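Student: Before I ask anything, let me first share the structure, which is written out below as structure tokens.
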2 protein chains.
Amino acid sequence: MMSMCMMAMTASAFTMPQSASFRKPTFLSMSDDSVKLGIIGGGTVGGGIVEILQSKESYLQQLTGKTTQVKTICVRDKSKPRDFQIPEGCSITEDTSSVLNDDDIDIVVEVMGGTTLAKDVIFTALSNRKHVVTANKALIAECLPEIEAHITSVNEGSSSPVQFQYEAAVCGGIPIINSLQSDYPGDQITMIAGIINGCTNFMLTGMDRDGLSYDEALSQASDLGYAEADPTLDVGGFDARSKLKILMRLAYGLDVDEEDISCRGIQELTKDDYEYAKKLGGTIKLLGVAESLGDGKISGFVSPCYVSNADSLSSVNDATNAVEISSKNLERTTYIGQGAGRFPTANSCVNDIAAIAKGDTTESPFNPPSEGAKFVQQYDSVFYLRLKYRDQVGITRECGEICEKNGVSIHSILQNPVTSKSNAAFVIITERVSNTAMKKVVADLEGLDWMKGPAFCMPVLRPDWM
Amino acid sequence: MMSMCMMAMTASAFTMPQSASFRKPTFLSMSDDSVKLGIIGGGTVGGGIVEILQSKESYLQQLTGKTTQVKTICVRDKSKPRDFQIPEGCSITEDTSSVLNDDDIDIVVEVMGGTTLAKDVIFTALSNRKHVVTANKALIAECLPEIEAHITSVNEGSSSPVQFQYEAAVCGGIPIINSLQSDYPGDQITMIAGIINGCTNFMLTGMDRDGLSYDEALSQASDLGYAEADPTLDVGGFDARSKLKILMRLAYGLDVDEEDISCRGIQELTKDDYEYAKKLGGTIKLLGVAESLGDGKISGFVSPCYVSNADSLSSVNDATNAVEISSKNLERTTYIGQGAGRFPTANSCVNDIAAIAKGDTTESPFNPPSEGAKFVQQYDSVFYLRLKYRDQVGITRECGEICEKNGVSIHSILQNPVTSKSNAAFVIITERVSNTAMKKVVADLEGLDWMKGPAFCMPVLRPDWM
């Protein structure tokens, strides 16, 4: 995946000059008839940006009223061959200060990835009053509030504020950042639900449609370059959680510590779960979900979820991503598209460059939370609970007792005909209950002797039977 | 539907001063700390705008750095009660010149509908150097190039150009105008396919899911206010065609005479078609489709289309709209949301107001076509052809001969068991052929004596068997 390639570039081979940080701000130099770019990172995305800028040169000039010129590209290793044509007059350097200290450069495009040197680059560029465009999801998830505070201080009292854009950081081919910044100023977002990790969606599609096992699906995803070398970031839900955190910031103006967002990956899913999901008329997707619960309470989690076939998200397959925004004015709007890849990501960077060149502004782009908004761990949902068990009498009664004790109402129980008495599975669908009550139910069930392995519990997105 | 309510207001009860047009342009008066609005139209959408501006007042101030004040609302009949609270200090008038000639007013919001008086209002407002926000689909479809030429002349040599925004004109709850203006400057759009009429999608959903007849579905749509008084604009595809024309302008920079876009409504669809669509693994949707065919050729049509269940558009049901944009960089991005209604439409107007107040610009927002781009009537597609017939021998041979004669290859033939020899139906799926060849096949078939009624032919969107 794209984010992978960029992560791999985190190494410290770029030279960061000691003296580059926090130069005296100078007046922004963007001249009336040209915009000069310094691109830091000459890999997949950097090359895509150069190619798009070349192929759309005359249109971008018409749109922005300015020529867009790539003046300098900073790479880790100048001697490495590039898979794109270096623009005429563009110099290649290994020294970030050639970009950051060049008064001629108006916009710094950070596509090197990583969160250490990239952070220095972005902070220094902003200090030096350069606009910044970045595709760096990890950095945005980790440092957005810090970057914003820095921008505020840099822009204080300036009549030509520097701009900071990061459309490419979440779902490369879906303009979700732009939409959250531009399409909701008059609205109130009530819920976000997104398929925001391409690798796991590819795997789950294979498990559902082609009946693949988890290991077969992961192996296919790795072969196609969708999975990271250590796929835990994908399959454990952590990549999705970073993106959810950014979306929550944009939708609710809320900064949440990533660790506080509960995160369940797809590792526990089995073929049984897909069989039961089909029976229920739906499928299973790994979703990042955030919801405004009223009174300023915002919940959020990453988890596999049961999704009905009537829902648009159910037909978002393979490595495709989707984000569904529910809001007071618009009811529900869904954006489906490519999550990563050279050209989707580069395209988003070019949009950001064009918007800055046009003079569009991005200050205060957040939908603010209600007064006293806070992140809460507890939320209500209908849950799907799958239990593997050794068949014996009294199981249904014991399940019923445990649910009742914890205040969990059962909506229905599904059980395929038992083919092996020593290893069978059944599924409980609850009414709308709290996740904390469900945790207690799971803990109590797991203490029983007929249980085989852990129980698997996931939320049901908008049950169509309710 | 929303567009209906607005159409109904076309009447000439608003007063248009004879002297209002083409006043000497004055310097744009938008002061640093406030934006003053004049809203023309106090109906469903106008009221929604006022309500949103009130409820989000402090956020909009934070976002734009300015207070937003509704100074004047112009209505047809002052004595009519309003379903919204008139803002403090806002005057109500029946005279458009109270808005158009008020130097204090920065932005004119046209939500009266119609294409005669509304056109005058917009032209005069622009002449008087006011920014304009409109929700008027019919006017944009009819006059966008003329409006743009007027804006160019008004803005000539000005350092603070007036802005013109119309997000609400197409698919109220889907930010498709903003997206086409902002997200594709580095891209090339290859195809647009959209479910862009809520009434017909509601009807087709009922016919597919609930097995309703055409008449039952239309009656339900009328009862719920989705259909216009004369539903021909909806069911005949003409409303969708107006929207497709606007989308083609934004995607390809091409002005097409609406009459040149072939337009087939949903009136010929029968239960047979839904049965066959289900057999094929899909459903039927009324789509507006435009495609770049290479060499600058752009095709476009409105027609029912077979859509596979694997496609996101297949699960867009009821009055929901969707637009799918295929492009070189992003592959395919799909936007799904509400097509109309008070708050979706008003929300789009408020986004436009906020963007103007922020100082964002909208000049040259089109993805230009390649050199020598032109609209063409001919396109290639896989087609679904349904024939009703009186059973007799030789039918398959005759169909085969006619297809062969016109160069149409047959992919497959579907036929349910014949229950009535005098009134049966079968379906031919073609290979990828030209629409003109299909027209000849249909004409030839309709001359045969075993045919019962006209043949029904529709394109297949991206056949999943190819």
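The values are calculated or read from the model by the stated rules, or taken from the named source; none is laboratory data. What you are looking at is a predicted structure, and each value in this text was computed from that prediction instead of being measured. Note: ideal-geometry Cβ built from the backbone for every residue, glycine included; neighbour counts use all protein chains shown.
Student: Does the stretch A:393-406 contain at least one residue that is within 8 Å of another protein chain (Cβ to nearest Cβ) and among the basic types (Lys, Arg)?
Tutor: Taking every residue of the stretch A:393-406 in turn, none turns out to be within 8 Å of another protein chain (Cβ to nearest Cβ) and among the basic types (Lys, Arg).
Student: Of the residues B:ILE284, B:ILE261, which single one is under 19 Å from the mean Cα position of the chain (by Cα), over 24 Å from B:ALA169 (Cβ atoms) and assigned by TED's automatic domain parsing to the domain that holds B:ASP187?
Tutor: Residue meeting the stated conditions: B:ILE284.
Student: Examine the stretch A:81-88 for a residue that is more than 14 Å from chain B (Cβ to nearest Cβ), among the charged types (D, E, K, R) and touching a helix residue (DSSP H, G or I) at 6+ places or on another chain (Cβ under 6 Å), and state whether such a residue exists.
Tutor: Yes: the stretch A:81-88 contains one or more residues that are more than 14 Å from chain B (Cβ to nearest Cβ), among the charged types (D, E, K, R) and touching a helix residue (DSSP H, G or I) at 6+ places or on another chain (Cβ under 6 Å).
Student: Which condition number in (1) over 22 Å from B:PRO344 (Cα atoms); (2) among the charged types (D, E, K, R); (3) assigned to a helix (DSSP H, G or I) is the one that B:LYS71 fails?
Tutor: (3)
Student: Would you check if A:LEU117 is among the hydrophobic types (A, V, I, L, M, F, W, C), more than 14 Å from every other protein chain (Cβ to nearest Cβ) and under 30 Å from A:TYR274 (Cα atoms)?
Tutor: Here the answer is no, as A:LEU117 does not meet what is asked.
Student: If I ask for residues that are closer than 23 Å to A:LEU117 by Cα and loosely packed, with under 15 Cβ neighbours inside 10 Å, which ones from the stretch A:35-80 would you list?
Tutor: A:ASP77, A:LYS78, A:SER79, A:LYS80
Student: I would also like to ask the following. Would you pick out the residues in the stretch B:34-53 that are more than 14 Å from B:THR96 (Cβ to Cβ), part of a strand (DSSP E or B) and in contact with a helix residue (DSSP H, G or I) (Cβ under 6 Å, 6 or more places away or on another chain)?
Tutor: B:VAL35 - this is the single residue of the stretch B:34-53 that is more than 14 Å from B:THR96 (Cβ to Cβ), part of a strand (DSSP E or B) and in contact with a helix residue (DSSP H, G or I) (Cβ under 6 Å, 6 or more places away or on another chain).
The rows are residues; the columns are (1) over 31 Å from the mean Cα position of the chain (by Cα); (2) modelled with pLDDT of 95 or more.
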{"position": "A:GLU88", "(1), (2)": "yes, no"}
{"position": "A:ASP95", "(1), (2)": "no, yes"}
{"position": "A:ASP103", "(1), (2)": "yes, yes"}
{"position": "A:GLY114", "(1), (2)": "no, no"}
{"position": "A:ASP120", "(1), (2)": "no, yes"}
{"position": "A:ALA125", "(1), (2)": "no, yes"}
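Student: I'm checking my understanding of the structure. Among residues of the stretch A:174-189 that are more than 7 Å from chain B (Cβ to nearest Cβ) and in a loop (DSSP other than H, G, I, E, B), which one is nearest to A:ALA354 (Cα to Cα)?
Tutor: Applying the filter and picking the extreme gives A:TYR184.
Student: Can we say B:ASP257 is under 25 Å from B:ASN423 (Cα atoms), away from chain A (no Cβ under 14 Å) and in contact with a strand residue (DSSP E or B) (Cβ under 9 Å, 6 or more places away or on another chain)?
Tutor: No; evaluated as a whole, the condition is false for this residue.
Student: Can A:SER292 be described as surrounded by fewer than 21 Cβ atoms within 10 Å (Cβ to Cβ), under 30 Å from A:ALA149 (Cα atoms) and touching a strand residue (DSSP E or B) at 6+ places or on another chain (Cβ under 7 Å)?
Tutor: No.
Student: So how many residues does the stretch A:264-281 have that are farther than 23 Å from B:THR320 by Cα and either under 18 Å from the mean Cα position of the chain (by Cα) or of a type in the set (Gly, Ala, Ser) (or both)?
Tutor: Count: 4.
Student: Against the definition (away from chain A (no Cβ under 11 Å) and in a helix (DSSP H, G or I)), how does B:ILE298 come out, yes or no?
Tutor: It is false that B:ILE298 is away from chain A (no Cβ under 11 Å) and in a helix (DSSP H, G or I).
Student: When you go through B:LEU445, B:LEU461 one by one, which is the residue that is closer than 30 Å to B:ILE325 by Cβ and buried (at least 20 other Cβ atoms within 10 Å of the Cβ)?
Tutor: Selected residue: B:LEU461, the only one of B:LEU445, B:LEU461 that is closer than 30 Å to B:ILE325 by Cβ and buried (at least 20 other Cβ atoms within 10 Å of the Cβ).
Student: Which ones in the stretch B:33-56 are farther than 18 Å from B:ALA169 by Cα and away from chain A (no Cβ under 14 Å)?
Tutor: B:ASP33, B:SER34, B:LYS36, B:GLY38
Student: Considering the stretch B:178-198 alone, what residues qualify as being at pLDDT 95 or above and among the hydrophobic types (A, V, I, L, M, F, W, C)?
Tutor: B:MET191, B:ILE192, B:ALA193, B:ILE195, B:ILE196
Student: With at pLDDT below 85, under 30 Å from A:TYR184 (Cβ atoms) and within 14 Å of chain A (Cβ to nearest Cβ) as the only criterion, which of B:SER364, B:SER370 stands out?
Tutor: The unique qualifying residue is B:SER364.
Student: State all residues of the stretch A:419-456 that are closer than 18 Å to A:GLN378 by Cβ and part of a helix (DSSP H, G or I); if no residue qualifies, say none.
Tutor: The answer is A:ASN435, A:THR436, A:ALA437, A:MET438, A:LYS439, A:LYS440, A:VAL441, A:VAL442, A:ALA443.
Student: What are the residues in the stretch A:312-339 that are crowded, with 24+ Cβ neighbours inside 10 Å, among the small types (Gly, Ala, Ser), within 17 Å of the chain's Cα centre (by Cα) and more than 7 Å from chain B (Cβ to nearest Cβ), if any?
Tutor: A:ALA322, A:GLY339
Student: Scan the stretch A:190-208 and tell me whether some residue there is more than 14 Å from every other protein chain (Cβ to nearest Cβ), within 30 Å of A:GLY359 (Cβ to Cβ), aromatic (Phe, Trp, Tyr) and in contact with a helix residue (DSSP H, G or I) (Cβ under 7 Å, 6 or more places away or on another chain).
Tutor: No, that holds for no residue.
Student: If you check every pair at least six apart or on different chains, which have Cβ atoms under 7 Å apart with a residue in the stretch B:24-48 that is at pLDDT below 60 first and a residue that is charged (D, E, K, R) and crowded, with 21+ Cβ neighbours inside 10 Å second?
Tutor: Partner pairs satisfying both residue conditions: B:PRO25/B:ARG129; B:THR26/B:ARG129; B:LEU28/B:ARG129; B:SER29/B:ASP106; B:MET30/B:ASP106.
Student: Report those helices (runs of 4 or more DSSP H) wholly inside the stretch B:222-287 carrying at least 2 residues which are surrounded by fewer than 16 Cβ atoms within 10 Å (Cβ to Cβ).
Tutor: Hits in the stretch B:222-287: B:271-279.
Student: Out of the residues in the stretch A:400-415 meeting the condition of being surrounded by 13 or more Cβ atoms within 10 Å (Cβ to Cβ) and more than 23 Å from A:LEU461 (Cα to Cα), tell me which one is farthest from the chain's Cα centre (by Cα).
Tutor: A:GLY400
Student: Let me ask something else. Given the conditions (1) closer than 20 Å to A:ASP273 by Cβ; (2) in a loop (DSSP other than H, G, I, E, B), report the number of the one that A:SER412 does not fulfil.
Tutor: (2)
Student: So in the stretch A:130-173, with the set limited to residues that are of a type in the set (D, E, K, R) and assigned to a loop (DSSP other than H, G, I, E, B), which one is nearest to the other protein chains (Cβ to nearest Cβ)?
Tutor: Result: A:GLU156.
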